[in-house]
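These notes are about the structure you will find just below.
Coordinate-derived values only; no laboratory data. Because the structure is a prediction, the values reported are computed rather than measured. Ideal geometry is used to build each Cβ from the backbone, glycine not excepted, and the neighbour counts take in all protein chains shown.
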Amino acid sequence: MKVRITTPRKPNSARRPVVKILLSNKKQRVAHIPGKGHNLRKHSEVLISGVGARDLPGVHFSCIRGKYDLSGVVGKVRRRSIYGVKKPDSSKKKLRRKFRVS
């Protein structure tokens, strides 16, 4: 496994993190790491899905955050399920009283 940064195709400009993975069937694949930051190192285990980054050439897979060694995005509040973040306890839905008793 090797973690590196690549740049996207022509109209876009960025620095996107990708990882070269050795699968359990001995094939090598390149996968995109979604979200801000990551904690992957050389011998980390990741789960990948077949949804790549459209503007990265040769990248046809994406890592799933919150599984195995790839942690979720820190401080994510909206669209959490994509980035492997559990729902915080403080944001549980409060019951709204229709009639208040004085």
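Points to keep in mind about this one:
- Global form of the stretch 1-86, assessed from the alpha-carbon gyration tensor, a/c cut-off 1.5: oblate
- Options Ile64, Thr7, Val85, ranked by Cα towards positive dipole end of the stretch 1-86, top entry (Cβ charges): Thr7
- Two-site label geometry, Leu22 and Arg41: point separation in nm, points 7 Å out along Cα→Cβ: 1.7 nm
- Within the stretch 21-36, backbone nitrogen closer than 14 Å to the virtual label 7 Å beyond the Cα of Lys76 toward Cβ: 32-36
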